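What follows is a short report on a single structure.
Every number here is computed from the coordinates shown, using simple stated rules; none is lab data. Quick caveat: nothing in here was measured; it's all calculated off a predicted structure. Note that we place each Cβ from the backbone using ideal geometry, even for glycine, and neighbour counts take in every protein chain shown.
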Amino acid sequence: MDKNLEILKELFWDYKWNSVLEKLDSPFVIARVLEIGDEDQVRTLIKEIGDDKIIDFLKKYGKRMLSKISYNFWCHFYGISD
């Protein structure tokens, strides 16, 4: 396991950490990191799963899984039009 991923652990206090690690690219994990993660946590997730997975998440699930403010921010960040 990449030690850098430990930075994400505090965001998933209510889940078994190993189950989170097994599904880093799941919509649930991506949503939580984009919604409440800090800059370092977001960078760590992007480094691990890649921008394409984040963009795919935003297009498929972002509108219903993120707050309106977060969704708009990340769409703007990635240049996705609603």
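Before moving on, here are some points about what is shown:
- Matching label, log10 I(q)/I(0) by the Debye sum over Cα atoms at q = 0.13, 0.21 Å⁻¹ computed from the structure shown, candidates (1) -0.40, -0.94; (2) -0.36, -0.94; (3) -0.52, -0.94: (2)
- Rounded to the nearest 20 debye, dipole of the chain from Cβ charges on Lys, Arg, Asp, Glu: 320 debye
- Across the chain, C-alpha contacts under 8 Å between residues 6 or more apart give a mean separation that, scaled by the residue count, equals a relative contact order of 28 percent.
- Springs between Cα atoms under 10 Å define the GNM used for the chain, and in it the highest mean-square fluctuation of 61, 71, 15 occurs at 15.
- For the chain, modelled as a GNM whose springs connect Cα atoms under 10 angstrom apart, the maximal fluctuation among 47, 60, 16 occurs at 16.
- The angle between the Cα long axis of helix 27-36 and the main principal axis of the chain comes to about 80°, on a 0 to 90 degree scale.
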